[in-house]
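Right, I'll just put the structure down here and ask away after.
The values are calculated or read from the model by the stated rules, or taken from the named source; none is laboratory data. All values derive from a computational prediction rather than experimental measurement. Note that each Cβ is placed from the backbone with ideal geometry, even for glycine, and that neighbours are counted across all protein chains shown. In case anyone asks, the SASA skips ligands and DNA or RNA and just uses the protein heavy atoms, side chains included. Shrake-Rupley method; radii C 1.70, N 1.55, O 1.52, S 1.80 Å.
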Amino acid sequence: QSAFLLEYGECDKIRKNFVVTLDGEETRAIFNEDMTMNLGKYTVIMLPRGLSKTTIAGIAMPLRDILFQDISFGAYVSNAAPHAKMQLNNIKRELTDNAAIKWIFGDVRPSISDDEKWSEEMFETLTGCAFAARGRGGQIRGLNHKGQRPSKIICDDLEDMESVATDLQREKTKQWAYGDLIPALPELDPDA
């Protein structure tokens, strides 16, 4: 939901500069003409440090997915479980403390007596959306919520200095990514 950005002149700079040229053909890398994000099955957002990649991909996009009920189950994966849990808590904090969100969408946090889960590793909203947090190398294959696999997995800073220090460590992460992470998405869902 970014059409409001069209009112500001800076959007022209964003549209003109966030492009990729492949085989001589220019493609909009992130934003379409109407400032919606052009996301595919495997989308990589690469921006310099400090330009809000984690805020956009790790908080804003999951909030949009949850509030507009675009997905029923998602996962946030980072280099370590504590970082992934912290990001999940940032999302939960917005859902519970952001007055504008509560005014527009209502209270989506379950009460203690409700069946929905609201923990560090996973939360469910009253609207039926759920998000889980996992660290690199953690159990993600076979992850499901109420019989559904995550239809969106956000990976943010999967590697750190230690995990890329040797060929063996890089290979271990690669094996986990291709053997566990990617297969965690529902195979028959082309939009996952």
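For segment 67-177, which helices (runs of 4 or more DSSP H) that fit wholly inside it have 2 or more residues that are within 25 Å of Met46 (Cα to Cα)?
Values: elements: 81-97, 99-105, 167-176.
Per the criteria, 81-97, 167-176.
Within the set of pairs 6 or more residues apart or between chains, which connect a residue that is open to solvent by 70 Å² or more (accessible area, probe 1.4 Å) inside segment 149-168 to a residue that is part of a loop (DSSP other than H, G, I, E, B) and not acidic (Asp, Glu) with Cβ atoms less than 8 Å apart?
Arg149/Leu143; Arg149/Leu185; Arg149/Pro186; Arg149/Ala192; Asp157/Asn79; Glu159/Asn79; Glu159/Arg136
Restricting to segment 117-137, name every residue that is of a type outside the set (Ser, Thr, Tyr) and buried (at least 17 other Cβ atoms within 10 Å of the Cβ). Give the derivation first.
Initially, segment 117-137 is screened for residues of a type outside the set (Ser, Thr, Tyr), giving 117-118, 120-124, 126, 128-137.
Correct list: Met122, Phe123, Glu124, Cys129, Ala130, Phe131, Ala132, Ala133, Arg134, Gly135, Arg136, Gly137.
Can you tell me which condition Ile140 does not meet? The list is (1) of a type in the set (Val, Ile, Thr); (2) open to solvent by 20 Å² or more (accessible area, probe 1.4 Å); (3) within 14 Å of Tyr76 (Cα to Cα), and all the others hold.
Looking at each condition in turn, Ile140 falls short on (2).
Looking at Thr54, is it part of a helix (DSSP H, G or I), under 13 Å from the mean Cα position of the chain (by Cα), among the β-branched types (Val, Ile, Thr) and surrounded by 12 or more Cβ atoms within 10 Å (Cβ to Cβ)? Steps first, please.
On the way: part of a helix (DSSP H, G or I): yes; under 13 Å from the mean Cα position of the chain (by Cα): yes; among the β-branched types (Val, Ile, Thr): yes; surrounded by 12 or more Cβ atoms within 10 Å (Cβ to Cβ): yes.
So Thr54 passes the test.
For segment 103-116, enumerate the residues that are surrounded by 14 or more Cβ atoms within 10 Å (Cβ to Cβ) and closer than 16 Å to Arg64 by Cβ. Don't jump to the end; show me each part of the working.
So the first thing to find is which residues in segment 103-116 are surrounded by 14 or more Cβ atoms within 10 Å (Cβ to Cβ), and the list is 105, 108-110, 116.
Of everything in segment 103-116, those that are surrounded by 14 or more Cβ atoms within 10 Å (Cβ to Cβ) and closer than 16 Å to Arg64 by Cβ turn out to be Phe105, Val108.
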